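K.L.:
Next up is a structure, given as structure tokens.
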Amino acid sequence: MSRFVLELLDASHDRKSFHSGLPSVDQYLKETARSHTEKGVSLTRVLVRAEAKPPKAILGFFTLTPCMVEAVGWPEVPKGLPRNPVGAVLLGRLAADLSVQGEGIGTRLLSLARRITAESLAATGGIGMVVDAATDDLISFYEKFGFRRIAGDSRRLFLPTRSLVA
Ligand SMILES: CC(C)(COP(=O)(O)OP(=O)(O)OC[C@H]1O[C@@H](n2cnc3c(N)ncnc32)[C@H](O)[C@@H]1OP(=O)(O)O)[C@@H](O)C(=O)NCCC(=O)NCCS
């Protein structure tokens, strides 16, 4: 059995103690993520240790939400896309707690997010996964996993559906 489990964010998770080093991401987890998850606006999933008891320490989290994008001209999108917006999944937030950064949690979270997105898009259609890197430094983090920048002057990156699950 895995040492970690992925769970939908709920009241059993200790949001207050989570610190990623990026205040906007931490604030989202503390103030908005649970309400949005409960209302179905977006879904935040948290990684916790399998043996954790409430309040469960959050090792990392990510947020997924459907989105519409005008993707004509993006790297690796199918040729002849309609000019009007098409469906995709936005990786809205992704973070690991400072106490475990550098131990592969970010990689694990991204892999889980990709798999869930692949399953979702297999049911609904959609061209892939989109993410807006919070800083210039983070562009290389996503590129390492196959995401491509949609334009040189943008921090938006894209991974096509066929590349979601390696
Ligand atoms: C970005 C983040 C999720 C990475 O998580 P992590 O658990 O430390 O990452 P991993 O241990 O899985 O590292 C995977 C690889 O990414 C690299 N990496 C990690 N953080 C990085 C960063 N900020 N920028 C560029 N590369 C990074 C690692 O060096 C590693 O490379 P390697 O495989 O060549 O050694 C984490 O640093 C974090 O939560 N940062 C603050 C919040 C944040 O910036 N979120 C992203 C918002 S878009």
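K.L.:
When the chain is fully extended, how far beyond the present Cα-Cα distance does THR107 get from GLU76, taking 0.36 nm per residue of separation?
P.N.:
My answer for the length gained is 8.9 nm.
K.L.:
Another question, if that's okay. Please tell me the relative contact order of segment 1-73 in percent, rounded to the nearest whole number, where contacts are Cα pairs under 8 Å and at least six residues apart.
P.N.:
Value for segment 1-73: 38 percent.
K.L.:
What is the distance in Å between the Cα centroid of segment 3-24 and that of segment 115-166?
P.N.:
The two parts, judged by their Cα centres, are 23 Å apart.
K.L.:
Looking at the chain, what % of its DSSP beta bridges pair antiparallel, to the nearest 5?
P.N.:
Approximately 85 percent, going by the DSSP bridge assignments.
K.L.:
If the convex hull of the alpha-carbon atoms of the chain is projected onto planes in all directions, what is the mean projected area in square nanometres?
P.N.:
Here the figure is 10.2 nm², rounded to one decimal.
K.L.:
What net charge is computed for the residues neighbouring GLY21, neighbours being all others with C-beta under 13 Å from the C-beta of GLY21, Lys and Arg scored +1, Asp and Glu -1?
P.N.:
Its environment carries a net charge of -3.
K.L.:
Please tell me the relative contact order of segment 4-163 in percent, rounded to the nearest whole number, where contacts are Cα pairs under 8 Å and at least six residues apart.
P.N.:
19
K.L.:
Could you tell me which trypsin sites (Lys or Arg not before Pro) in segment 1-109 are loop residues by DSSP with no more than 12 other beta carbons within 10 angstrom of their beta carbon?
P.N.:
The qualifying sites are ARG3, LYS16, LYS79, ARG83.
Read-outs: derived from the displayed coordinates by stated rules, not from any lab. On a predicted model such as this, the values are computed, not experimentally measured, just so you know. A quick note on method: Cβ atoms are made from the backbone with ideal geometry, for glycine too, and the neighbour counts reach across all protein chains shown.
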